[in-house]
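Beneath this line is the structure, given in C-alpha cells, with notes to follow.
The values are calculated or read from the model by the stated rules, or taken from the named source; none is laboratory data. Note that this is a predicted model, so its numbers are computed, not measured. Positions of Cβ are backbone-derived with ideal geometry, glycine not excepted, and every protein chain shown enters the neighbour counts.
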Ligand code: FES
Ligand code: FES
C-alpha cells in the first residue's frame with residue numbers, strides 16, 4: 001500500500017504526517033499520530049459521536065473518514081476550544097457547572113458536537129423535528145440535534161442544561 | 001447460607017453497635033454540591049484514558065474470534081495474515097505459549113477476577129461463539145486489524161445448548177446465591193395463594209443486556225524483564241486484574257501493576273479480567289514490545305459478557321385490604337458452561353414486603369455462550385421488573401392505589417431474616433415522590449387519558465439495592481507543609497470517587513480541600529476491592545477514617561512528648577481534628593499539624609489501615625430504596641412508547657454531594673429506560689452468536705429519549721454506615737423498567753411482561 005506524507009491543520013497548528021497508511025482514519029491520525037487524544041473512539045463506526053471534531057466549523061464523526069481527505073481543512077478538536085490563556089470555552093465551563101458528564105469519555109465529542117450544533121441552529125438549519133420554522137432550542141430541537149452523541153453514563157439532562165446556558169451567552 | 005454464617009449471624013445479633021460516625025452530620029464539605037474535581041480535565045481532553053497513553057515503540061494487537069459455539073478447531077490458516085506488511089506475530093492454539101486458567105471472580109471478597117474457566121488460545125476447543133482464536137501483533141492498528149480479518153479457521157461442531165428457552169427445563173438450583181440461600185420459604189404458600197380475595201400469577205422474561213460503556217475495553221502491556229509487568233487497563237478492579245494476570249503468567253501478584261486513573265464507564269463490564277488483558281500481556285511478552293490491544297466495539301460484545309436473560313414467575317395473593325398472603329417469586333437465569341454467576345434476581349422481595357407465606361428462589365442453567373457477568377444492579381434490576389409489575393397488576397385486581405398497596409405491606413423488620421433495618425424510610429420516599437409527581441391527580445382507570453393519537457399513563461414502582469461494604473485498605477499521610485493525602489487502589493469510572501473522597505478527607509482531618517489529595521486507580525496502592533455493589537464510597541471512607549485516626553493518634557503522641565505543646569496533657573478522646581490541626585474538644589486550644597511535625601523534626605506521619613469484615617451486614621438488614629414514578633405516552637397506531645416525565649425519590653442514607661448524586665441517580669434511571677424500551681443483546685439461538693454487536697444495533701437511550709428527570713431524596717443518614725451514606729450507583733436503575741411497564745399498562749390497558757417493551761408488543 002503506497003504511504004502518504006501530507007499536512008493537517010489542527011487547532012491552528014500545521015502537523016506533518018509522514019508515510020501514513022492511507023487507511024488511517026482522521027480520528028486515529030489526530031489521536032495516534034498527532035498526540036491529541038481528546039477525541040475518543042467509542043465505536044469506530046459512526047454510532048456514538050465520541051470522535052466528533054469540527055472541520056471548517058462543522059461537526060463530523062472523525063472515525064468515519066480518512067485523514068488523507070482533510071489536507072488543507074481547518075480542523076478543531078477539544079484541545080483547541082479553550083482560549084490561548086487556558087480559560088475555558090463557555091460550553092466547557094457550563095459542562096463542569098452542570099455536571100454534564102460522569103466518566104467524561106463522551107465529553108469531548110459532546111462539547112465539539114454542541115459547538116457545531118449551535119452554529120447549525122443559529123444558521124437556521126432545520127432538524128428532523130423542525131416543523132416549518134426552526135423552533136426554540138430548548139426541548140425537542142436540542143434533544144434531536146444532540147442525539148448523535150451517546151452518553152452511557154446518562155448525563156443527558158446536565159448536557160442539555162449546559163448547552164442551553166452556554167447558548168444563552 | 002452456610003451453618004457457619006448462621007452461627008456468626010446469631011453471635012453478631014447480640015454484639016454492641018459501633019457508635020455512629022462523628023461526621024454523620026458534618027457539612028463543611030460533605031453534603032455539598034462541589035463540582036467534580038476532574039471536570040476541567042474532562043472538558044479539555046486532558047483526562048488520560050487507557051488507550052490515550054503515549055508509549056514509545058508501541059505495537060498493536062487485534063483478535064480473531066470463533067464463529068461456532070462449541071467444537072474443535074480442525075484447521076487454522078494464518079499464512080495470509082502473516083504475509084501482510086507490518087505483521088510481527090500471529091499466535092493461535094498451535095503456537096501460543098501456555099497460560100494458566102485464573103481463578104474465577106467469586107463473591108467479591110477475594111482478589112480473583114477470572115471471567116471464564118475456558119482456556120484462551122491454549123486449546124483447540126471452542127466454548128462460545130466469539131471466543132478468541134488468534135492474536136495478531138503488528139506495527140499499526142490498521143495492519144493488525146487487516147491481518148486478523150484474514151485468519152481463516154475450520155471447525156468440527158459439537159452439539160450444545162445456546163438457546164435460553166430450550167435450556168430452562170434443565171435448570172438446577174445452585175448451592176448458594178451470593179452466599180444466600182437459593183430458595184427461602186415460609187408457610188403453605190399454595191394454600192395462601194388459593195384462599196384469597198385477589199391473586200395474580202404472571203411470568204416475565206428479560207433479555208440479555210450489554211454494558212456498552214462508551215469507552216471500549218483496552219489494555220497497554222509493558223514488560224520489564226520476565227517478571228515485571230505494567231498494565232494500563234480500563235479496569236474497575238485494578239487489584240483483581242493484577243492478581244488474575246499474575247496467576248495467568250505465574251508471577252508474584254505484586255509484580256503486576258495495573259494503572260487506571262480514568263475509566264470511561266464500567267457498569268460492571270470492567271470488573272473482571274476479561275481475556276483481552278492476558279492476550280495483550282502475552283503479545284507484549286512474546287514480541288518484546290509494549291503492546292496496545294484496543295478492543296473494537298464488536299470485539300467487546302464477543303468476549304465481554306453482559307447481563308443474563310431471565311424467566312421469572314410472580315404469584316401474589318392478598319386479602320381484601322391488600323395484605324399479602326402468599327408470595328411466589330421464582331425462575332431461572334443463565335450462566336455459561338464455563339463460568340459461574342447465578343444472577344440474584346430473587347433478592348428484592350426477600351427484603352421488601354411483609355408476607356404471610358412465601359416461596360422465593362431461583363435456578364440457573366448453563367449455555368454455550370459468552371460468560372455472563374454483573375451489570376448495574378445485577379439481580380435487583382431485573383428482579384424488580386417482575387415483582388413490581390406483579391404488584392401493580394395485583395393493585396388493579398384489588399382496585400387499590402398501587403402506592404397504597406405497597407405501603408399496606410411495608411414491614412417492620414426484614415421479612416425473611418427478621419433482622420432490624422439499619423435505616424429504612426420507604427414511606428417518606430413515597431410521600432416525597434407522590435407529592436413531587438402529583439400522583440394524587442392520576443385517574444385510577446387504565447386507558448382513560450388520551451392526547452391526540454397518544455394514550456397517556458402514569459406508573460410507579462419500588463426500587464431497592466443492598467448496602468455492601470468490602471474489606472478495604474488505605475494509607476493516610478499528613479505532611480509538615482500542612483497537606484494530606486489518602487491512597488487506595490480503588491477506581492473512578494465517573495461515579496465521583498475522587499471528588500467525594502477528597503471532600504471526606506478534608507472534612508475528616510479539618511483541612512481545606514485544596515490541601516488534601518486522594519490517590520487511586522493503581523494496584524500498587526493499598527488494596528481496594530472491585531468498584532461494584534455500590535460499595536466503594538463507604539468501603540473507602542471507612543478505611544480512610546481508620547487510617548486517618550491512626551495518623552492523628554501518632555501526631556498526638558508527638559505532641560504529648562513535647563513540653564511546649566498545648567496538647568501535652570490531652571488524650572485522644574479529648575481532641576478533634578479541625579482548623580488544620582488537633583484541638584481540645586472543649587477548651588478549643590491546640591495546634592496545627594505543621595507545628596507538631598516541624599517541632600518534632602518530621603516531614604510526615606503516615607499510617608495504613610485495613611478495615612474489618614462487614615459485621616454490621618449480619619446484624620442489620622441494610623438496603624437502599626427508591627420510589628420511581630413515570631409518565632409515558634403510547635402511540636395509539638404505532639405502539640411507540642415515549643417516556644415524558646420522571647420523578648425518582650430515593651432513600652439512600654446521607655447524600656454526600658447532591659450534584660454528583662443526582663447525576664448518578666439519573667444515569668441509573670436512564671439505563672433503566674433503555675432496559676425498559678430498547679435494549680436487548682440478540683443471540684441467534686441456533687449458533688449462539690450475537691447478532692447486534694454494535695451501538696448502531698444495540699439501542700442505548702439517546703438524548704431525545706430522555707425527559708427531564710427530577711430527583712428527590714430523603715437524605716436520612718444511616719447510623720450504621722460510614723458517613724451515614726449508602727452507595728448509590730445501582731439503586732437508580734432498579735424499579736425503572738417496572739415503572740415504565742406499569743405506566744404503559746395504565747396508558748393502554750396492556751400488561752407487557754417481556755422486556756424490552758417494543759412496538760410489536762403493543763399492537
Ligand atoms: S467513534 Fe466515531 S462515532 Fe463512535
Ligand atoms: S460521561 Fe460517561 S459516557 Fe458520557
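Odds and ends about this structure:
- Here the condition is being modelled with pLDDT of 95 or more and not in a loop (DSSP other than H, G, I, E, B); of B:369, B:359, it holds for B:359 alone.
- Selection within the range B:619-640 - closer than 29 Å to residue B:525 by Cβ and not in a strand (DSSP E or B): B:622
- Taking the range A:143-169 as the range and being more than 8 Å from every other protein chain (Cβ to nearest Cβ) and farther than 19 Å from residue B:699 by Cα as the test, the residues that pass are A:161, A:162, A:163, A:164, A:165, A:166, A:167, A:168, A:169.
- Across the range B:153-164, the number of residues qualifying as under 14 Å from residue B:687 (Cα atoms) and outside any loop (DSSP other than H, G, I, E, B) comes to 4.
- Which listed residue, of B:517, B:508, is touching a strand residue (DSSP E or B) at 6+ places or on another chain (Cβ under 9 Å) and part of a helix (DSSP H, G or I): B:508
- Number of residues in the range A:1-25 that are more than 9 Å from chain B (Cβ to nearest Cβ), part of a loop (DSSP other than H, G, I, E, B) and without any contact (Cβ under 8 Å) to a residue 24 or more places away in the chain: the value is 2.
- A count restricted to the range A:26-59 and to residues that are outside any loop (DSSP other than H, G, I, E, B) and away from ligand 2 (no atom under 16 Å from the Cβ) stands at 13.
- Single residue of B:264, B:271 found to be within 14 Å of chain A (Cβ to nearest Cβ) and crowded, with 24+ Cβ neighbours inside 10 Å: B:264
- Residue identified as in contact (Cβ under 8 Å) with a residue 60 or more places away in the chain, within 14 Å of chain A (Cβ to nearest Cβ) and not in a helix (DSSP H, G or I) among B:51, B:47: B:47
- Taken as a whole, the condition of being in contact (Cβ under 8 Å) with a residue 60 or more places away in the chain, away from every other protein chain (no Cβ under 14 Å), farther than 30 Å from residue B:446 by Cα and buried (at least 22 other Cβ atoms within 10 Å of the Cβ) applies to residue B:623.
- Qualifying residue in the range A:104-124 (condition: modelled with pLDDT of 95 or more, in a loop (DSSP other than H, G, I, E, B), farther than 25 Å from residue B:491 by Cβ and more than 16 Å from ligand 1 (Cβ to nearest atom)): yes
- Screening the range A:60-89 for residues that are assigned to a helix (DSSP H, G or I) and either surrounded by fewer than 16 Cβ atoms within 10 Å (Cβ to Cβ) or under 13 Å from the mean Cα position of the chain (by Cα) (or both) and picking the one that is farthest from the other protein chains (Cβ to nearest Cβ) gives A:69.
- Of all residues in the range A:26-48, those satisfying the criterion of being more than 9 Å from every other protein chain (Cβ to nearest Cβ) and within 15 Å of ligand 1 (Cβ to nearest atom) are A:26, A:27, A:29, A:30.
- Filter pass, residue A:101 being at pLDDT 95 or above, facing another protein chain (nearest Cβ under 9 Å) and either touching a helix residue (DSSP H, G or I) at 6+ places or on another chain (Cβ under 7 Å) or assigned to a loop (DSSP other than H, G, I, E, B) (or both): yes
- Selection count where residues are out of contact with any strand residue (DSSP E or B) (no Cβ under 6 Å at 6 or more places or on another chain), more than 16 Å from ligand 1 (Cβ to nearest atom) and not in a helix (DSSP H, G or I), scope the range B:247-272: 12
- Answer from B:740, B:700, B:736 - the residue that is crowded, with 18+ Cβ neighbours inside 10 Å, more than 30 Å from residue B:399 (Cα to Cα) and touching a residue at least 60 places away in the same chain (Cβ under 8 Å): B:700
- Considering the range A:131-160, and only residues there that are surrounded by fewer than 16 Cβ atoms within 10 Å (Cβ to Cβ) and in a loop (DSSP other than H, G, I, E, B), the residue that is farthest from ligand 2 (Cβ to nearest atom) turns out to be A:132.
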